[in-house]
Every structure is written in C-alpha cells, then in structure tokens.
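Shown next, in structure tokens, is the structure this report addresses.
The values are calculated or read from the model by the stated rules, or taken from the named source; none is laboratory data. Everything numeric in this text was worked out from a predicted model, so none of it was measured. No Cβ is skipped: glycine too gets one built from the backbone with ideal geometry, and neighbour counts run over all protein chains shown. The protein model used for the area step is the full one, side chains on, heavy atoms only, and it has no ligands, DNA or RNA in it. Shrake-Rupley method; radii C 1.70, N 1.55, O 1.52, S 1.80 Å.
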Amino acid sequence: HDFRVNHCLLAKPGVKREDIKYAISHPQALAQCDNFLRGLGIKPVPTYDTAGSAKMISERNLPDGCTPENTAAIASNLAAQLYGLHALNQKIQDDDTNFTRFLLLARKGVVQYLNKNTPSKTSIVFTLPNVKGALYKALACFALRDIDFSKIESRPTSASLLNFLKFRSQQKGRKARNKADLPRFRYCFYLDFLESELDQNAQNALSQLREQADFVRILGSYPQKSRLVGPVAEAVEELKYLEVDPKEISLSSLPSDSEEEKQLNIGILGFGHFGKFLAKKMTQNNK
C-alpha cells in the first residue's frame, strides 16, 4: 500500500506560529520538512517518533529548552486529534510526491481474488550466478514478453541464504570452483513487474528465470495502486459503518478471543519506543 505522507505542524491550542522556536519529530520527518522549517527560522529537534512528539507536547515531556508554548510537533492530523493539538499548517513536506510503502503480510496471498480486470503487480526476489551479463539475461526473460517493471533494486544477501547457496553449489558437484566463483557476499535482486503471477505470460518468464537463477522466490501478487481485494477490502468496508470510541480500544483483547482458543504468534517490526510499549502491554495481558 502506497500511503501519501502529509506532515502537519502541531501545537497546543492558543499557541501561534510566530511563537514557535523548536520543532520536534522523527529525524526523517524533520528532513522532509527542512525547507519549511528553515523559512520560518524554526530549529529542528529530533525525537523518537512523529506521533510520539505530539504526545510529548500534550504530556509536557519535552527536551531541554522546549516548552509547550514554544514548541511544535511535526506529525499527522490524526495525531493532533488524539493528543488535543491543533494544526498550524498542513502539508508542510517539501516534496508533494512523498509516499511511504507499507506491506501487508499474510500466510495466504490474495492472488485468488485477482482477475483480468484488476491491474496487478508481482514482487519477486532472486539471486544470479557470478558471471558476466547474468542480470541482463534475467531481465530479458520479462522484456522479451513485454512485461513492464515498476521497481528493481539490489540488496546484500543474508548470511543464511549465502550459506544455502554455497551448500547447494557443493551438492551439485561444483566443489572445484575457485574463490572468485563463490564470493564472500552476493546480491539479491528485488523486482516488481506489472502482471499477476498466474498470467501465462508471467509464468513463462518466471520459468525461464528459474533456469538462469540460483534462487527465485515469489513474494506475492497484489493489485496495483493500493486497491484492496478479498477479506481486507471487506474488513475496510465494515469499518466505514463501525462507530468506536477510541477510549474503548484496548490491547488486552482481540476480536478472535471469542473463537476457539489457539496459539497466536505475533512479531513486532521496528522495535523502538512504541514497539517496546506494544510488547510490554501484550505480554501483560496475554500468555
């Protein structure tokens, strides 16, 4: 899901913009609003989180020199509603095309909900042999079939995958390879192409890629442009008609608690202050 980032300058009710001397927020948000802050002569002060900065002003828990009367937070309009602040300015980011990409992970994909009328995208990851022209030949699997790309990037291969590739190479009788053929590190290529993995054209391209690559994994197919399908779309539609008091929201229970009890494994990504808060609350109320 590509989410447009709209930063707001938030302050306590009654505080004017000309009173603001400091702006607190996550370093990335401060960097994205650098020109705006420079134009007003506001000094950026990095903190751990965007919404957390709004909370700091609300609770008067601020860095040295900062007070609720001279400090604003850079966060979303939703954070202003949650912590009783008001927006002095909205959409203060320097780049209007600022998007954050979110990935919704599940054990079962949504490819079964895609059809020919739903523009689709597929994400894959693969590694290639350490030979000349390997990447060119891999991309040709798609280019020869007129399959367009929306993203390609390379990342260093993890140690576990690198060990697996070395092991598989030895199992195939390639022990005679020299050190140049088995480098200390290799790259994974992450590729997004604009077709569903179930399309015959895409299946042919993937089949040819597997003949050339040492490792290929399909991460999933999903609709383009953040369209929602399947159970996720149904759940979002239900939320439109659900009126919930924010005070009633609790981490101590889940909608599935009324179902047959079974173990639920939960992982938290980005273990900063908010991640620690979530972990603490969940361990207090759940076994």
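Across the stretch 187-196, coupling constants 3J(HN,Hα) worked out from phi with the 6.51/-1.76/1.60 Karplus curve, θ = phi - 60°, read 10, 9, 10, 9, 10, 10, 10, 8, 7, 7 Hz, and Gly and Pro carry x. In order along the stretch 88-101, the phi-based Karplus estimate (6.51 cos²θ - 1.76 cosθ + 1.60, θ = phi - 60°) of 3J(HN,Hα) comes to 6, 8, 10, 6, 8, 5, 5, 10, 6, 9, 7, 10, 10, 9 Hz; Gly and Pro are listed as x. Length available on full extension from Gln90 to Phe185: 0.36 nm per residue minus the Cα-Cα distance, which gives 29.7 nm.
Find the accessible area per residue for the stretch 9-110; the probe is 1.4 Å, ligands and nucleic acids are left out, and the unit is Å². Let's see the in-between values first.
Values: 6090 Å² over 102 residues.
Heavy-atom SASA per residue in the stretch 9-110 reads 60 Å².
Here the calculated FRET efficiency for Gln203 and Arg107, from their Cβ-Cβ distance with R0 = 22 Å, stands at 0.50, rounded to the nearest 0.05. Coupling constants for the stretch 141-157 follow from the phi torsions by the Karplus curve (6.51 cos²θ - 1.76 cosθ + 1.60, θ = phi - 60°), and in residue order they are 4, 8, 4, 5, 10, 6, 9, 8, 9, 10, 6, 8, 8, 10, 9, x, 6 Hz; glycine and proline get x.
Stokes-Einstein diffusion for the stretch 84-242 at 20 °C, viscosity 1.002 mPa s, with a Kirkwood radius from C-alpha pairs, works out to 115 µm²/s.
Residues whose amide H lies under 5 Å from that of Cys188, counting only those 5 or more places away or on a different chain, are Arg155, Thr157; hydrogens are built 1.01 Å from N in the peptide plane.
When the listed pairs Lys16/Lys276; Lys21/Lys91; Lys55/Lys276; Lys55/Lys121 are checked against a 28 Å cut-off, the alpha-carbon distance exceeds it for Lys16/Lys276; Lys55/Lys121.
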